[in-house]
Amino acid sequence: MGDPTGDDTVAGRQRGDAVSTRRIVLGVAYDGSGYHGFAAQPGQRTVGGELGAALERMTGQQLVCTCAGRTDAGVHATAQVVHVDLAETFLLGHYGTEAISAGRELPRLAEALSSQLGSEIAVWRALVAPEGFDARKSAIARRYRYDLETAARPDPRRRSAVWHLEVPVDLAAMRLAADTVLGDHDFAAFCRRAPDQPEGPIRRRVTVAAFTVPGEGLLRFEIEADSFCHQMVRSIVGALVAVGTGRLRPSDVVALLASGRRAGAPSPAPPGGLCLVGVRYPTGLTGAWS
């Protein structure tokens, strides 16, 4: 799940050469429907691959984009946070001396990137990172939103952004089950473990897990945690919907958590309803992005 990262210092030396760099933080939003996730992968269309290619065209550098949360294929984001180390010579030449001052906003860089990326990806913020910032390692919380459509007649305009449920659900039972995932737990039963990942507990601390009703025929589940493991949110939503449709009881979610085993858990919810909507950092390391 981890992303490669650059040097710990903002004004560092790129490994293998003598180019002075500044770490730049980007706020990125995207419709993930047509992408094979965020992380760049050979032969696959990914958000990180598209963003990296646009930056390389602009700078002439070979770059690594490190994100706060590696979203899966089909998952969206309104507040992904990405860092990249850009050459000082490029920044000074295009954006002036302010482009190497920590904390300075670089709106023209954000606009230039967005203009290259088309309608599916937008860069809505760019700034010079403070010393020690890392988009992934510095984050203290991530927030995801999952939207469900419960109307008898689905709205085709929302088809790539919601999971349409074809049967009624018991919202009170789903809320009761959602309360059970709050706190510090072993979420191994709700995580897809990589083949090379060792067996054992996968502990995460969930601070928000709540349903709201944003409109007629819609349900919204929001969850915030210090970090998430692979497919954790989709697996939790799959279990909560199983409770809402009567296939599980809230106590079954407790039992799954306690088991630490994925066997017997409902299938994860589809990716289209999921969106990364916020990332929080310590105040001195850029604060909240949402």
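Structural remarks
- Exclusive hit being in contact with a Leu (Cβ under 7 Å, 6 or more places away or on another chain), closer than 23 Å to Trp289 by Cα and of a type in the set (A, V, I, L, M, F, W, C), set Ala177, Ala239, Ala225, Ala209: Ala209
- Any hit, region 153-173, residues being touching a Ser or Thr at 6+ places or on another chain (Cβ under 9 Å), charged (D, E, K, R), farther than 25 Å from Arg247 by Cβ and surrounded by 13 or more Cβ atoms within 10 Å (Cβ to Cβ): no
- Conditions (1) crowded, with 16+ Cβ neighbours inside 10 Å; (2) at pLDDT 95 or above; (3) out of contact with any Asp or Glu (no Cβ under 9 Å at 6 or more places or on another chain); (4) among the aliphatic types (A, V, I, L, M); number of the one not met by Ala265: (2)
- Here Gly60, Gly93, Gly103 are screened, and the one residue that is over 27 Å from Arg158 (Cα atoms) and in contact with a strand residue (DSSP E or B) (Cβ under 7 Å, 6 or more places away or on another chain) is Gly103.
- Note on region 212-241: residues that are within 22 Å of Pro168 (Cβ to Cβ) and either surrounded by 20 or more Cβ atoms within 10 Å (Cβ to Cβ) or small (Gly, Ala, Ser) (or both) amount to 11.
- Failed item in (1) modelled with pLDDT of 90 or more; (2) surrounded by fewer than 20 Cβ atoms within 10 Å (Cβ to Cβ); (3) not in a helix (DSSP H, G or I), with Gly16 passing the rest: (1)
- The C-beta contact set for region 22-51 (first residue on the phi > 0 side of the Ramachandran plot, second residue of a type in the set (A, V, I, L, M) and crowded, with 20+ Cβ neighbours inside 10 Å, distance under 9 angstrom, 6+ apart or interchain) comprises Gly37/Val47; Gly37/Val75.
- Of everything in region 272-283 that is touching a Phe, Trp or Tyr at 6+ places or on another chain (Cβ under 9 Å) and not in a strand (DSSP E or B), the residue that is nearest to Cys67 (Cα to Cα) is Tyr281.
- Residues that are over 13 Å from Val253 (Cβ atoms) and either surrounded by 13 or more Cβ atoms within 10 Å (Cβ to Cβ) or not assigned by TED's automatic domain parsing to the domain that holds Gly217 (or both), drawn from region 174-186: Asp186
- Leu113 vs. criteria assigned to a helix (DSSP H, G or I), over 17 Å from His76 (Cα atoms) and touching a strand residue (DSSP E or B) at 6+ places or on another chain (Cβ under 7 Å): yes
- So Val75, is it crowded, with 18+ Cβ neighbours inside 10 Å, farther than 15 Å from Val25 by Cα and among the aliphatic types (A, V, I, L, M): yes
- In the set Glu88, Glu111, Glu120, only one residue is surrounded by fewer than 20 Cβ atoms within 10 Å (Cβ to Cβ) and under 30 Å from Val162 (Cβ atoms); that residue is Glu120.
- Hey, Ser119 in a helix (DSSP H, G or I) and under 22 Å from the mean Cα position of the chain (by Cα) or not: no
- Taking the listed residues Arg136, Arg247, the one that is at pLDDT 95 or above, surrounded by 16 or more Cβ atoms within 10 Å (Cβ to Cβ), on the phi < 0 side of the Ramachandran plot and in a loop (DSSP other than H, G, I, E, B) is Arg136, with no other qualifying.
The values are calculated or read from the model by the stated rules, or taken from the named source; none is laboratory data. Just so we're clear, the structure is a prediction, and the values are computed from it rather than from any experiment. Please note: Cβ atoms are built from the backbone with ideal geometry, for glycine as well, and neighbour counts cover all protein chains shown.
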